[in-house]
Amino acid sequence: MRTPRLYLRLLGAHFRSMLEYEADFVILALATVLMQVVNIVFLAALFAKVPDVHGWTFWSVLIMFGAVALAEGFCSLFFDGMWSLAWQINRGDLDYFLVRPYPVALQSSSANVGINGLSNIVMGGIMIGTGLAHADIPWTPWRALLGVILLISSVVIKLSINLATNAVSFWLSSPTPMFAFAMHQVGDLARFPLSVYPVALKAVLGAVLPFAFISFFPTAYLLDTGQSRWLGLITPLVAAYCAGAAALVFKRGLRRYESAGN
Amino acid sequence: MPIVEAKALTKVFRRPDKGPGLGGSVKHLFARRFTDKVAVDHVDLSIEAGEAVAYVGPNGAGKSTTVKLLSGILVPTSGEVRIDGLHPQRDRMTVAHRIGVLFGQRTQLWWDLPVAESLAVLRDLYGIDRATYRKRLARFDEVLALGEILPVMGRKLSLGQRMRADLAAALLHAPRVVYLDEPTIGLDLAVKDRVREFFRSVRDEGTTVMLTSHDLADIEGFCRRLVIIDEGRIIFDGDLEAVKDRFARERILHIETARPAPLETLRASLPGAEVTVEDTPVRYAVRFDRFAMTAGQVVTALAGLAELVDIRVDEPSIEDVIRRVYSGELVLG
């Protein structure tokens with residue numbers, strides 16, 4: 001329990017200093033809400049023309065949008081420092097991280113608080129809630145618990161992809177996380193039913209960078225929609241696999257760390 | 001068992017060979033060529049608990065790289081490091097509790113937090129209990145005058161303030177070994193004195209210290225052992241006083257006489273010494289080997305020949321010796 005408690009301690013230190021910039025806080029929060037509203041307007045316009053996409057209605061796609069927003073929100077609110085990893089490597093900030101008795105990846109990811117994550121979590125929660133309310137799901141305690149497990153797994157997957165793609169900075173010398181950002185953009189595709197994509201893209205989103213397990217597969221399982229709904233059940237396994245793989249990539253990368261000023 | 005041990009420690013950095021400008025970068029994408037730079041070359045080093053070691057060398061000699069290897073920040077290309085018998089990467093967490101590191105060029109304080117808050121975060125990371133923490137802070141405060149800088153934001157600290165706070169941060173968890181890499185760089189004299197006094201108090205408490213510095217005044221009177229590195233290799237490892245005895249034997253006695261004295265007579269009276277006239281005809285410099293004659297003997301010899309008005313003895317500093325080693329004039333070992 002020491003590790004998570006200290007993690008909040010590290011984050012909290014930055015959070016307090018961030019509150020000094022109240023205006024930034026409000027503007028960022030509003031901008032994020034606006035972005036999600038634009039997403040919803042776009043979806044509504046799309047579904048005004050077609051009643052459903054391969055069996056997916058407006059409400060079910062809204063759940064997927066919500067799942068992606070929620071996962072992203074958690075990552076920015078609690079692990080935004082990951083996006084500074086390239087910069088930290090370039091400046092040699094990891095020197096001191098490496099001599100402190102705390103995981104290096106967590107020192108890096110706690111270096112920043114993405115306050116916009118808060119509005120993404122709220123908006124994502126609302127989108128998922130509204131979507132589920134319009135879906136015809138026979139709720140049982142078991143199903144509800146499964147829903148929570150799937151949600152946690154999807155956050156872990158997003159987090160692991162972020163960590164692994166940012167850790168690629170150990171091999172690249174750029175001070176900006178361009179590779180990770182490009183992959184993040186790819187992730188946006190997972191907000192739509194996977195069945196609309198060609199096979200190659202399905203393979204990428206389902207296996208290489210399993211973004212589809214953040215939104216599509218778990219939602220398909222919960223809503224009982226689509227052809228391969230059972231895949232949603234392995235989401236926790238995919239999450240465990242991703243977390244392990246990301247930790248490995250980071251560890252390998254750390255061995256290549258060369259500090260700065262040589 | 002030594003507390004820090006390095007065996008055949010080697011670090012090679014690989015640098016891309018890029019031509020100038022965008023063209024060079026694009027070309028590099030297709031024809032990848034690299035140059036290997038050996039920063040640390042088969043370094044063997046063994047430091048016993050409680051030792052104070054000075055690690056000196058010219059710019060780019062591999063000092064900082066050695067410190068980063070010995071603290072586990074860099075993974076060696078070959079060779080190995082043991083801290084208290086532990087592997088710095090495999091046992092990183094345990095090693096972290098036993099070592100403290102200060103890089104004079106870079107702070108470990110959080111720029112957006114007051115110093116007190118940065119230190120409190122470190123206290124929690126190292127799991128130091130509050131009573132011990134207060135005791136240590138009070139002790140640091142005595143020498144480093146921390147009190148006045150505790151409420152200051154990291155980004156608003158002057159260089160001297162920052163270094164004092166960083167020293168406290170590096171030693172907060174009472175590490176058994178501390179690496180100080182250029183800890184006085186850019187400081188004014190008053191702060192330097194204070195910081196040096198702090199080093200002494202740390203050493204006297206039995207902490208093993210490895211001090212890397214350009215400022216040789218940092219090491220004189222602090223370290224007994226001197227290690228000199230050049231081009232990644234250790235070219236000397238031994239007793240600092242022995243170096244001085246061996247290579248800083250020469251003394252210069254400056255004298256001023258009431259009236260000009262015949263140089264030939266002075267020279268004749270001091271065989272084995274070298275007498276020269278300085279800026280005015282009444283000032284002379286006598287160079288002699290302090291193991292061949294004493295300053296007293298020189299003065300006695302001269303007093304019989306001329307009326308001495310003023311005398312002064314110059315002792316070469318370790319700085320001169322090391323400078324001569326760097327320039328290749330002296331070969332130690």
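Rule-based calculations on the coordinates, nothing more; no lab input. Keep in mind it's a predicted model, so treat the numbers as computed, not measured. Backbone-built Cβ (ideal geometry, glycine too); neighbour counts: all protein chains shown.
Amide H neighbours of B:Val101 under 5 Å, counting only residues 5+ apart in sequence or on other chains, H built in-plane at 1.01 Å? Amide H neighbours of B:Val101: B:Tyr179. Per-residue Karplus couplings for the stretch A:131-136, computed as 6.51 cos²θ - 1.76 cosθ + 1.60 with θ equal to phi - 60°, are listed in order as x, 5, 5, 8, 8, 9 Hz, Gly and Pro entered as x. Across the stretch A:94-165, Cα-Cα distances exceeding 17 Å account for 63% of all pairs. Volume per residue for the protein assembly as shown equals 212 cubic angstrom (convex hull of Cα atoms).
Taking a virtual spin label 7 Å from the Cα of B:Glu256 along the C-beta vector, which residues in the stretch B:272-311 bring their backbone nitrogen under 11 Å of it? Counting backbone N atoms under 11 Å from the label point, the list is B:280, B:282-284, B:309-311.
For the stretch B:249-315, count all C-alpha to C-alpha pairs, find those more than 16 Å apart, and express that count as a whole percent of the total. Could the numbers behind the result be given before it?
Details: 781 of 2211 pairs.
Counting every Cα pair in the stretch B:249-315, those more than 16 Å apart make up 35 percent.
Here is the tail figure for the stretch B:4-245: Cα pairs spaced more than 31 Å apart come to 29 percent of all pairs. For the residues of B:100-106, the average number of beta carbons from a partner chain within 10 Å of their own beta carbon is 3. I need the shape label for the stretch B:118-213. Rule: rounded when a/c is under 1.5, else prolate if a/b > b/c, else oblate, with a, b, c from the alpha carbon gyration tensor. Here the stretch B:118-213 falls in the oblate category. Go ahead and run the numbers for FRET between B:Thr77 and A:Ser174, Cβ-Cβ distance against an R0 of 25 Å, rounding to 0.05. My answer for the efficiency is 0.55. By the Cα gyration tensor, chain A has an equivalent ellipsoid whose semi-axes, rounded to whole angstrom, run 33, 21, 17 from largest to smallest. Dividing the summed -39500 (n - 2.57) terms of all DSSP H runs of n ≥ 4 by the residue count of chain A sets its mean residue ellipticity at 222 nm at -22000 deg cm²/dmol.
Taking chain B as a Gaussian network of alpha-carbon nodes connected by springs under 10 Å, the highest mean-square fluctuation of the residues B:Lys135, B:Lys63, B:Lys18 belongs to B:Lys18. Mean-square fluctuation check for chain B, GNM, Cα pairs under 10 Å: which of B:Gly304, B:Gly85, B:Gly50 is largest? Of the options given, B:Gly304 has the highest mean-square fluctuation.
Here the stretch B:246-286 and the stretch A:206-224 have alpha carbon centers that stand 92 Å from each other. Listed cross-link partners B:Lys156/B:Lys192; B:Lys37/B:Lys192; A:Lys158/B:Lys68 are compared with a 28 Å cut-off, the Cα-Cα value being larger for B:Lys37/B:Lys192; A:Lys158/B:Lys68. Helix A:235-256 and the long axis of chain A differ in direction by around 20°, with both axes built from C-alpha atoms. Considering chain B as a Gaussian network with a 10 Å cut-off on Cα pairs, which listed residue, B:Met293, B:Met153, B:Met210, attains the greatest mean-square fluctuation? Sorting by GNM fluctuation, first place goes to B:Met293.
Distance from the alpha carbon centroid of the stretch B:111-161 to that of the stretch B:72-92 works out to 29 angstrom. A simple spin-label model places the labels of B:Ser46 and B:Asp141 4.4 nm from each other, with each point 7 Å out along Cα-to-Cβ. On a C-alpha basis, how far is the centre of the stretch A:161-175 from the centre of the stretch A:176-196 in Å? Whole number, if you could? One Cα centre to the other: 16 Å.
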